[in-house]
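Notes follow the structure.
The values are calculated or read from the model by the stated rules, or taken from the named source; none is laboratory data. Every value quoted in this text rests on a predicted model; they were computed, and no experiment measured them. Because the Cβ atoms are built from the backbone with ideal geometry, glycine has one as well, and the counts that use them run over all protein chains shown. Ligands, DNA and RNA are excluded from the accessible area calculation, which covers all protein heavy atoms including side chains. Shrake-Rupley method; radii C 1.70, N 1.55, O 1.52, S 1.80 Å.
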Amino acid sequence: MATLDKLSSAAILNKVSAEAARQIEAAAKKSEKLINEADTISKAAILKAKEQATRLLNRSLDTVFLADNRGIRICDALGKELNQFDTPTSAYAMTVDPLNNKLYFIIETTSQPIMNGETPSNKLVEVTLIVTSLHGNNTEEIKKMQYNVPIDVMITGALDISPDDGKIIWISPTGSIQSMNTRGDELQELAKAKFDPLTEAVHATISGTGDLFWTALERETSSEKVYGIWKLEKGSKEIKKLISFPLPIAAKESVISSKVQIDLAAGKLYWNSYKKIESMNLDGTSPQVVYESLSNITGLELDSHLNRLYWLEQNHLLYRSTLDGKSIEQAISFEDSELAVKSIYIRTKADEAAGILQAAQLERQLASQKVATDISLANKEAYAYLLPAQKDFQAAEAAFKEQIAPALIEAEEKISTARTQYSDKKTQADTILGNATNEKNTILNQANENYTSEVKKAKAEANNIVRKAQDKLDDANAHKNH
């Protein structure tokens, strides 16, 4: 009976355990299902948020310019090609003028070998500065320049527009750093850059303070090419090398797009090198890798308003990330081309707004300059009006001085003579006065002495008379008593 009871209890326990296990398994499956559903909803929400964020960020883009050996493609924020125009040579040296909404680029237009015996050692290169609208129409040649360079040189230089004064800063194929206005006039050499003349490209960027930064080939060895980043501070002629970075020989096709970008607020400089994006402080310290890719990186752009980096991979995919290299996403997929993109330039809505603000500031500056010019002109006109009268006054004053000069001399001579005569007569008068004073004192002294003597004499006589009278009186009194 006890055994039956135990068996019955064991059976019941087993049955309960099996039911509990089934319920636990069912609960686990239900929990797993709920977790999967929540994960799916979460991923969908994250994907939707990312898509919305991408759309919002893409709205900040305005125009993207892609340069290759054929020319320049102009694309919208969705990657759609708006226009494309051919150039006889690569136009990777390009920049945008936000003030006037113009695209500037430099291309090689002619090249003439210079013979040294039977083989050419150098060539005479003509490069042309060209400007066009942001839509690629109304193209105009601004300036032509010629340079004597080694026969293998392929670069046309680098250019950017200074944000503070709107001047074009151009690094020529010979390394001359020059400044000019947007019409190609007022050409001025600022300094002389030194780099390997066989560099595939030079890319220049100007900071908001007017300092110039650029990349170029420094030297080449059998295993690598060493590139450098240099800096020229505004108003200085001293060029400072900030850093050198090696690239494998196999990477030379991507080197042409190595470019620097400046985050002035954070004091950082960014550049792309082969499959990396790196950063450092503006003085060249604390270099570090921000992002590393499996494919070549072409070009580099920085949106300082949204704190985003942009670069091109696989020749047609535009990527974007935060400045720390995180939150990486594909921004645009362009139509792929058989020609390798050598350089990119991105114009954002913020650039457009900055151009409008800069135009307003320039208009205000021009108005202030006009007021100053008008005041200066008015002063000049007033001076010109008063000048004849001033000349007449000066002539009359000179004539008066000329006429009165003899009279002044004569008067001065007479005054001098009179002063001399006066001095002589005063001396004589002082002498006579002194003599008269001395004579007066002598007479007075003599008279005083005579007076004293006479007084004594008179007193003696008076005393004698008084004595005699007294004697008589005494005699009379004596007779009277007898």
**Request:** Count neighbours as other Cβ atoms within 10 Å of each site's Cβ, and list the GluC sites (Glu not before Pro) in the range 423-482 that are DSSP loop with at most 14 such neighbours.
**Result:** none
**Asked** Which entries in the list Lys80/Lys143; Lys143/Lys194; Lys240/Lys275; Lys167/Lys326; Lys167/Lys241; Lys123/Lys225 go over 29 Å, if you measure between the two C-alpha atoms of each?
**Response** Lys80/Lys143; Lys167/Lys326
**Request:** Could you work out the per residue convex hull volume over the alpha carbons of the range 160-232, in cubic angstrom?
**Result:** 77
**Message:** Please give me, ordered by residue number, the trypsin sites (Lys or Arg not before Pro) of the range 272-348 that lie in loop per DSSP and have at most 13 other Cβ atoms within 10 Å.
**Reply:** Lys326
**Fill in**
Rounded to the nearest 10 Å², the 1.4 Å probe accessible area of Lys391 is 120
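From largest accessible area down, sort Lys29, Lys268; use a 1.4 Å probe on the protein chains.
Lys29, Lys268
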**Asked** Where a ≥ b ≥ c are the square roots of the eigenvalues of the C-alpha gyration tensor, would you call the range 261-313 rounded, which needs a/c under 1.5, or, failing that, prolate if a/b is larger than b/c, or oblate?
**Response** oblate
**Item:** Against the rule of thumb 2.2 N^0.38 Å, how large the Cα Rg of the chain comes out
**Value:** 2.38
**Complete:** Over the chain, the sum of -39500 (n - 2.57) across DSSP H runs of at least four, divided by residue number and rounded to 500 deg cm²/dmol, gives at 222 nm -15500 deg cm²/dmol
**Message:** So, taking all protein chains as they sit and a 1.4 Å probe, how much accessible area belongs to His316, in Å² rounded to tens?
**Reply:** 40
**Request:** Can you send over the carbon and sulfur percentage of the accessible area for the chain, probe radius 1.4 Å, protein chains only?
**Result:** 55
**Request:** Determine the dipole magnitude for the range 85-179: charges of +1 sit on the beta-carbon of Lys and Arg, -1 on that of Asp and Glu, nothing else is charged, the reference point is the Cα centre, and the result goes in debye to the nearest 20.
**Result:** 100
**Item:** Heavy atoms of Ser423 accessible to a 1.4 Å probe, total area in Å² rounded to 10
**Value:** 60
**Request:** Treat every Asp and Glu Cβ in the chain as -1 and every Lys and Arg Cβ as +1, leave all other atoms uncharged, and give the resulting dipole magnitude about the Cα centre to the nearest 20 debye.
**Result:** 1680
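Compute the accessible area per residue over the range 327-482, keeping the other protein chains in place, probe 1.4 Å, unit Å².
On the way: 12820 Å² over 156 residues.
With all protein chains present, the range 327-482 gives 82 Å² per residue.
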**Request:** Using only the Cα atoms of the range 337-482, construct the convex hull and provide its projected area averaged over every direction, in square nanometres to one decimal.
**Result:** 37.0
**Ranked order, Ser453, Ser172 - accessible area, probe 1.4 Å, largest first** = Ser453, Ser172
**Item:** Solvent-accessible ranking of Asp392, Asp303, Asp211, largest area first, probe 1.4 Å
**Value:** Asp392, Asp211, Asp303
**Complete:** log10 I(q)/I(0) for the range 60-204, Debye formula on C-alpha points only (no solvent), q = 0.08, 0.11, 0.18 Å⁻¹, two decimals, reads -0.23, -0.43, -1.06
**Asked** Which lysines have a Cα lying under 19 Å from the Cα of Lys370, excluding residues fewer than 8 positions away in the same chain?
**Response** Lys380
**Request:** Determine the per residue accessible area of the range 156-211 with all protein chains present and a 1.4 angstrom probe, expressed in square angstrom.
**Result:** 35
**Item:** Over the range 163-293, equivalent-ellipsoid semi-axes from the Cα gyration tensor in Å
**Value:** 25, 18, 12
